[in-house]
1. Less than 13 Å Cβ to Cβ from residue 291, Lys/Arg counted +1 and Asp/Glu -1: what total charge do the surrounding residues give?
2. Report the net charge of residues surrounding residue 97, where surrounding means a beta-carbon distance below 13 angstrom and charges are Lys +1, Arg +1, Asp -1, Glu -1.
3. Could you state the number of Å between the C-alpha centres of the range 197-270 and the range 32-71?
4. Which parts of the range 101-123 would a label at residue 163 reach, counting a residue when its backbone N lies under 13 Å from a point 7 Å out along Cα-to-Cβ?
5. Calculate the spin-label point distance for residue 258 paired with residue 64, positioning each point 7 Å from the Cα along the beta-carbon direction, and give it in nanometres.
6. With a 10 Å radius around each residue's Cβ, average the other Cβ atoms per peptide and rank 192-199, 59-66, highest first.
7. Can you pull the one-decimal nm distance between simple spin-label points at residue 80 and residue 226, each 7 Å off the Cα toward Cβ?
8. What does the charge add up to near residue 318, with Lys and Arg as +1, Asp and Glu as -1, over the other residues with Cβ less than 9 Å from its Cβ?
Amino acid sequence: MNHFKLNTISLALATALIAPSAMAENTVYGKAHISVASIDDDAGSSTAISSHSSRFGVKGTVDTKSTTNVFYKIEWQIDLTDESKASNDHIKSRSQYIGMKDSWGELRLGRDDSPYKKAGKKGVEFFSDTYADYNNIVDKGQDTRANSSISYSNKIGPGKLSLMYATGSDDTNPVTGENLGDATSISYDVTAGSIRVAVATQSINDSGVAGNTETGTKVVFGYKLNKTTQFGVLFETVTDDNDTIDDTNTIISAKHKIGKDAVKFVYGMKDQGNANDAVMTALAYDHKLNKSTTAYAIFANGTDDGLNANSKLAGDSTVIGGGLVVKF
């Protein structure tokens, strides 16, 4: 990373930290997540020490002396195992936005997870940022953190309605495509006692083909059997104007607490119209060391092409390992 970029980030953090408390209340936070694993696939085997979406950021609220709450979040992803002096992407931007909240709802401007991405996720995703992350199955092109976006959310009826528009490119040429890559995202999330249901849809104007639209639709169902056991089911369909075959993705997951620890399981299938469907299965045990620290062991298996290559599960792969997650 060049010195200018590093200095800019340092200045932003320093400015947020020394801001007068009468103007803003700031919190520095983060998460360090590293795993050690044995990876076996069609090509052979290896041992990997990996950083999984480790991050740090600053968030806070601004005192406006009114009923309107102004807030912000500036977050970066870091790779704790990257090369120390030769990295081009050691630090990457994550959610970075400013927003307002009042009785009329909540408004955000900047880069943020789309309503589609967030809809029902807590009820079904128990392996987030591990080798068995549900993006192995859920369409990564739809599960987006949208740049240049404006979003609105509010409680409507028994649930929360969320809307987002992301502008995509600022190109104004109607021939090559105005706002190529722009997206609209809508979700409705309801929690009623032990049941959580979410529905979402999102359409993205393909940034590579003018006029081509990819649309994702998903339904998520979560159920807490009791204080210790919960289940989740997700169904997703992704259609593309230039493809006659729809993608159909399914996830079934479960989590059972044993004191402060937990056993987790997930099964996912990705049907892209191929002869063999891509399948992921995983089992993990989380051991809570304290409020901010968790150690875990994981077994994950991926069969057939189609799974997210970044997870090391693309093709026929098996991962056995463990990790440590520290939040601050």
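1. Local charge sum for residue 291: +3.
2. Overall, the nearby charge balance is +3.
3. 21 Å
4. Of the residues in the range 101-123, 105-108 have backbone N under 13 Å from the label point off residue 163.
5. Label at residue 64, label at residue 258, 4.9 nm between them.
6. Numbers: 192-199: 15.5, 59-66: 12.9.
With the highest mean Cβ count within 10 Å placed first, the list reads 192-199, 59-66.
7. 3.5 nm
8. Details: positive: none; negative: 40, 41, 316.
For residues surrounding residue 318, the net value is -3.
Only the coordinates and a few stated rules stand behind these numbers; no lab work does. Quantities reported herein were computed from a predicted structural model and do not represent experimental measurements. Neighbour counts run over all protein chains shown; Cβ positions are idealised from the backbone, glycine included.
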